[in-house]
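Inspection log for the structure reproduced underneath, given as structure tokens.
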């Protein structure tokens, strides 16, 4: 059974991050994420990582939920770490046959890895502490282009529809004796299944578009949530942005 990518699975919890105004939260966390990924010093990058973990703990989102997504990111990021360790020019510290590991390669690879994990962890306190429809409305209130907001909204909404559609196609294939193998027949069958999925997706998109037009859809996100920013939201946002700025100030002083 395919698992659904429910990023807002724990949006109903209660924590300082959940009570944080969505608009201020998005601005503050995006500022912090961009700050973390631009840190040039490894020690300061570790400080950013610890702060990201602290915010995750503060949000009360289970660590197992985060790790279930992090494993895919880890596979991608760690491959860069290995490649940089063996290919980045610098002082050689170890050799494996014709391959050599450099200190500069390890430093650069570790720096990229720490920054990537920090940015990934920060996504959960930012988006995982509010419902997706609330996030969409907050982006709209922040004057993000309406076409982009609608694209994000429909992409997330129909991920689940496409998963269900693919699950039905796969169940039908297995009921007819299909076995997943590395054969030309299996690859051809999977290709036809994917083609059928795209055709059904296109037809569904046409029906949804006509249904929405007939109901007078204007592109303005409608939710029952009303935003009300308070003084504590300003203080929390300023604190997070201030920490993001201080990372680069300290990095500049150290360097």
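The values are calculated or read from the model by the stated rules, or taken from the named source; none is laboratory data. In this text, all values refer to a predicted model and were calculated from it rather than measured experimentally. Note that we place each Cβ from the backbone using ideal geometry, even for glycine, and neighbour counts take in every protein chain shown.
Scan 139, 111, 152 and give me the residue that is within 18 Å of the chain's Cα centre (by Cα), in contact (Cβ under 8 Å) with a residue 40 or more places away in the chain, surrounded by 13 or more Cβ atoms within 10 Å (Cβ to Cβ) and assigned to a helix (DSSP H, G or I).
Sole residue among the options that is within 18 Å of the chain's Cα centre (by Cα), in contact (Cβ under 8 Å) with a residue 40 or more places away in the chain, surrounded by 13 or more Cβ atoms within 10 Å (Cβ to Cβ) and assigned to a helix (DSSP H, G or I): 139.
Residue under question is residue 45, and the condition is that it be closer than 19 Å to residue 238 by Cα and either free of Cβ contacts under 8 Å to residues at least 60 places away in the same chain or buried (at least 16 other Cβ atoms within 10 Å of the Cβ) (or both); does it hold?
On the way: closer than 19 Å to residue 238 by Cα: no; either free of Cβ contacts under 8 Å to residues at least 60 places away in the same chain or buried (at least 16 other Cβ atoms within 10 Å of the Cβ) (or both): yes.
The answer is no for residue 45.
Might you let me know whether the range 10-27 holds any residue that is within 29 Å of residue 254 (Cα to Cα), under 18 Å from the mean Cα position of the chain (by Cα) and part of a helix (DSSP H, G or I)? Working first, answer last.
Going through the range 10-27, the residues within 29 Å of residue 254 (Cα to Cα) turn out to be 27.
Restricting the remaining residues to those that are under 18 Å from the mean Cα position of the chain (by Cα) gives 27.
Of the ones still in play, those that are also part of a helix (DSSP H, G or I) are 27.
Checked the range 10-27: at least one residue is within 29 Å of residue 254 (Cα to Cα), under 18 Å from the mean Cα position of the chain (by Cα) and part of a helix (DSSP H, G or I).
Looking at the range 58-65, is at least one residue within 23 Å of residue 250 (Cβ to Cβ) and over 16 Å from the mean Cα position of the chain (by Cα)?
yes
Yes or no: residue 234 outside the structural domain of residue 22 (by TED's automatic domain parsing) and under 30 Å from residue 30 (Cα atoms)?
no
Has the range 174-190 got any residue that is out of contact with any strand residue (DSSP E or B) (no Cβ under 8 Å at 6 or more places or on another chain), loosely packed, with under 12 Cβ neighbours inside 10 Å and closer than 23 Å to residue 6 by Cβ?
No: the range 174-190 contains no residue that is out of contact with any strand residue (DSSP E or B) (no Cβ under 8 Å at 6 or more places or on another chain), loosely packed, with under 12 Cβ neighbours inside 10 Å and closer than 23 Å to residue 6 by Cβ.
When only residues in the range 87-108 that are on the phi < 0 side of the Ramachandran plot and in a loop (DSSP other than H, G, I, E, B) count, which is modelled with the lowest pLDDT?
Out of the qualifying residues, it is 98.
Could you check the range 159-168 and list, in sequence order, the residues that are at pLDDT below 80 and surrounded by fewer than 16 Cβ atoms within 10 Å (Cβ to Cβ)?
Once the filter is applied, which keeps residues that are at pLDDT below 80 and surrounded by fewer than 16 Cβ atoms within 10 Å (Cβ to Cβ), the range 159-168 yields 159, 160, 161, 162, 163, 164.
With 195, 177, 191 as the choices, which residue is outside the structural domain of residue 122 (by TED's automatic domain parsing) and on the phi > 0 side of the Ramachandran plot?
On the way: 195 fails: on the phi > 0 side of the Ramachandran plot; 191 fails: on the phi > 0 side of the Ramachandran plot.
Within the list 195, 177, 191, the selection yields 177.
Just for the range 192-251: of the residues that are in contact with a helix residue (DSSP H, G or I) (Cβ under 7 Å, 6 or more places away or on another chain) and not in a helix (DSSP H, G or I), which one is modelled with the highest pLDDT?
229
Against the condition part of a helix (DSSP H, G or I), surrounded by 13 or more Cβ atoms within 10 Å (Cβ to Cβ) and at pLDDT 80 or above, how does residue 129 come out, does it pass? Give the derivation first.
Details: part of a helix (DSSP H, G or I): no; surrounded by 13 or more Cβ atoms within 10 Å (Cβ to Cβ): yes; at pLDDT 80 or above: yes.
Answer is no for this residue.
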